[in-house]
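Below you'll find the structure, written out as structure tokens, and then a few comments.
The values are calculated or read from the model by the stated rules, or taken from the named source; none is laboratory data. Computed from a predicted model, the values in this text were never measured in an experiment. Ideal geometry is used to build each Cβ from the backbone, glycine not excepted, and the neighbour counts take in all protein chains shown.
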Amino acid sequence: MKFAEKRKHQRIEFEQSDLRLSIQLLDYPEDHSPSGIYPRNISRGGLKIQITEKIPMGCKVGVALFSINKSDWIAKITGKVVRTEETQQKDLSKIYGIAVQFDEILDDSIISSNQNSPE
């Protein structure tokens, strides 16, 4: 049985892009910036990360996107956490899959111009 694709925007894997990111948790005191962030994929409408810190559903986040080819940020956008998945690692530590939905749609050129070409 084949399922229909429900996503509105094509995703690219961070490993296939020149993008890097930083995140601030805007609902936390003093705009907390978590560590241990492992970006997974991004689309015009949101992104998925793995992180070592649990972030509650609905938490507002600020995302700054950087290109490794440029010295400055290329986009700053806000969003909210819409899904969390907890996974226990072999060493019994936990890692969390977090989905962030952007408040605005990213311009397509931000993602497409930073996507690596297949070799």
Scope the range 64-101; condition closer than 16 Å to residue 17 by Cβ and modelled with pLDDT of 95 or more; matching residues: none
Any chance residue 45 is within 20 Å of residue 10 (Cα to Cα), out of contact with any Cys (no Cβ under 9 Å at 6 or more places or on another chain) and touching a residue at least 12 places away in the same chain (Cβ under 8 Å): yes
Every pair of residues 6+ apart whose Cβ atoms lie under 8 Å, when the first sits in the range 25-41 and is closer than 24 Å to residue 14 by Cα and touching a residue at least 12 places away in the same chain (Cβ under 8 Å) while the second is of a type in the set (A, V, I, L, M) and outside any strand (DSSP E or B): 25/55; 34/55
Residues located in the range 77-91, provided they are of a type in the set (Ser, Thr, Tyr) and over 14 Å from the mean Cα position of the chain (by Cα): 87
